[in-house]
1. Which condition breaks for Thr219 when tested against (1) touching a Leu at 6+ places or on another chain (Cβ under 8 Å); (2) open to solvent by less than 80 Å² (accessible area, probe 1.4 Å); (3) over 19 Å from Gly142 (Cα atoms); (4) not aromatic (Phe, Trp, Tyr)?
2. Would you call Pro303 at pLDDT 90 or above and closer than 19 Å to Ser247 by Cβ?
3. Is it true that some residue in the range 293-300 is touching a Gly at 6+ places or on another chain (Cβ under 9 Å), in a loop (DSSP other than H, G, I, E, B), among the hydrophobic types (A, V, I, L, M, F, W, C) and within 29 Å of Gln43 (Cα to Cα)?
4. Checking Asp343 against (1) at pLDDT 90 or above; (2) open to solvent by 70 Å² or more (accessible area, probe 1.4 Å); (3) of a type in the set (D, E, K, R): exactly one of these is not met. Which one?
5. I'm trying to understand the selection: among the residues of the range 179-231, which are assigned to a loop (DSSP other than H, G, I, E, B), over 25 Å from Cys250 (Cβ atoms) and either small (Gly, Ala, Ser) or touching a residue at least 60 places away in the same chain (Cβ under 8 Å) (or both)?
6. What number of residues within the range 302-337 satisfy the criterion of being assigned to a helix (DSSP H, G or I), surrounded by 12 or more Cβ atoms within 10 Å (Cβ to Cβ) and without any contact (Cβ under 8 Å) to a residue 60 or more places away in the chain?
7. Check off (1) in contact (Cβ under 8 Å) with a residue 24 or more places away in the chain; (2) under 28 Å from Val187 (Cβ atoms) for Pro298 and give me the number that stays unchecked.
8. So Ala117 passes all but one of these: (1) in a loop (DSSP other than H, G, I, E, B); (2) modelled with pLDDT of 95 or more. Which condition number does it fail?
Amino acid sequence: MSDVSPYGRKTQLEPVIPEIDVLWITAGLGCDGDSVSITAATQPGIEDVLLGAIPGLPKVNLHNPVLAYETGDAFLKAWYQADEGRLDPFVLVVEGSIPNEKIKDEGYWAALGTNKATGQPITTCEWIDRLAPKAWAVVAIGTCATYGGIHAMSGNPTGCMGLPDYLGWQWRSKAGIPIVCVPGCPVQPDNFMETLLYLLYQAAGLAPMISLDDQLRPTWLFGTTVHEGCDRAGYYEQADFATEYGSPKCIVKLGCWGPVVNCNVGKRGWMAGIGGCPNVGGVCIGCTMPGFPDKFMPFLNEPPGAKLSSTAVAIYGRTVRALRSFTRATVNREPDWRHARPDLTTGYQAPTSKKS
């Protein structure tokens with residue numbers, strides 16, 4: 001009896017890396033909001049990545065303390081294995097700002113697990129020091145991990161910072177990949193999952209080196225401003241500004257920093273294309289920017305630059321609105337040749353020939 005071939009045929013290339021782990025530390029100074037946020041992702045969903053629904057990806061194992069079934073030593077097993085070099089390759093994801101453990105006399109700011117030899121907590125900084133050199137790639141998720149965020153604002157006692165400040169802005173993983181920063185407070189869920197998906201395809205040998213801007217953000221996600229993707233931008237262009245909340249007009253005078261902030265939430269929305277700060281009437285407070293929050297405070301005050309730019313655009317805007325009203329009056333009525341009379345007056349009728 002001849003061998004029977006299986007139905008169908010394999011059309012996908014085998015990934016260069018068949019299996020990869022994602023070690024996700026949330027023990028920085030943070031609120032776990034980024035871990036919660038990514039559960040809303042749909043492009044792709046975290047379930048799609050973990051259950052192998054996306055062609056070409058390696059098998060992905062996620063170790064996130066917020067989302068894990070395991071607890072205690074069972075959860076930390078993968079971390080110890082990675083530290084010992086027995087878990088390779090892996091992507092290290094850092095959530096929360098990095099405290100400065102050198103500025104105090106005793107205690108610690110943040111830690112995960114316990115050192116079995118000393119019985120003392122293993123600080124977040126120590127985990128980063130141990131694992132970052134061994135990681136295939138390192139990703140900072142959320143503005144706290146990327147640039148320090150709210151915990152790093154002026155007057156904080158922890159001296160905390162973002163991951164690039166801690167490891168160095170020129171740091172590279174053992175695969176030659178810079179720190180990948182996906183800011184947001186919290187992160188826009190699809191922005192992070194799309195970035196992780198790209199890195200997984202890169203690990204599989206199916207994508208080139210990830211493209212990052214000078215602040216280590218993915219260029220295709222943070223290459224434009226909120227204003228450039230905002231539904232309200234047309235109102236700004238014609239100097240039509242909202243003076244109270246609930247208005248559909250441009251909200252720059254109500255405190256929106258959208259014209260200068262690199263973020264795509266205006267176009268992408270928040271979940272499944274719905275929501276997003278300016279789309280639902282919320283001003284942009286610059287949460288994806290390295291200067292957040294200090295350089296954007298006090299929130300809800302008109303930005304200094306907005307006073308000048310909105311004044312400058314006012315004359316142009318009034319002129320444009322007037323000219324458009326004239327044009328609208330013309331195009332908002334039907335042509336004269338549309339009528340029910342028995343004669344054809346369209347102007348497109350064929351010329352009649354003259355009889356001799």
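The values are calculated or read from the model by the stated rules, or taken from the named source; none is laboratory data. These numbers were taken from a predicted model, which means no experiment stands behind them. Quick reminder, even Gly has a Cβ in these numbers, built from the backbone with ideal geometry, and neighbours come from all protein chains shown. All accessible areas refer to the heavy atoms of the entire protein, side chains included, with ligands and DNA or RNA removed. Shrake-Rupley method; radii C 1.70, N 1.55, O 1.52, S 1.80 Å.
1. Answer for Thr219: the failing condition is (3).
2. On the way: at pLDDT 90 or above: no; closer than 19 Å to Ser247 by Cβ: yes.
So Pro303 does not fit the description; no.
3. As a first pass, look at the range 293-300 and keep what is touching a Gly at 6+ places or on another chain (Cβ under 9 Å): 293, 295-296, 298-300.
Now drop any that are not in a loop (DSSP other than H, G, I, E, B), which leaves 293, 298-300.
Going one step further and asking which of them are among the hydrophobic types (A, V, I, L, M, F, W, C), we end up with 299-300.
Pick out the ones that are also within 29 Å of Gln43 (Cα to Cα) and you get none.
No, the conditions are met nowhere in the range 293-300.
4. (1)
5. Filtering the range 179-231 down to residues assigned to a loop (DSSP other than H, G, I, E, B) leaves 179, 183, 185-186, 188, 204-211, 213-217, 223-224, 226, 230-231.
Now narrow it down to the ones that are over 25 Å from Cys250 (Cβ atoms): 179, 186, 204-211, 213-217.
If the condition is that a residue be assigned to a loop (DSSP other than H, G, I, E, B), over 25 Å from Cys250 (Cβ atoms) and either small (Gly, Ala, Ser) or touching a residue at least 60 places away in the same chain (Cβ under 8 Å) (or both), then Pro186, Ala204, Gly205, Leu206, Ala207, Ser211, Gln215, Leu216, Arg217 are the ones that fit.
6. 5
7. (1)
8. So Ala117 meets the others, but not (2).
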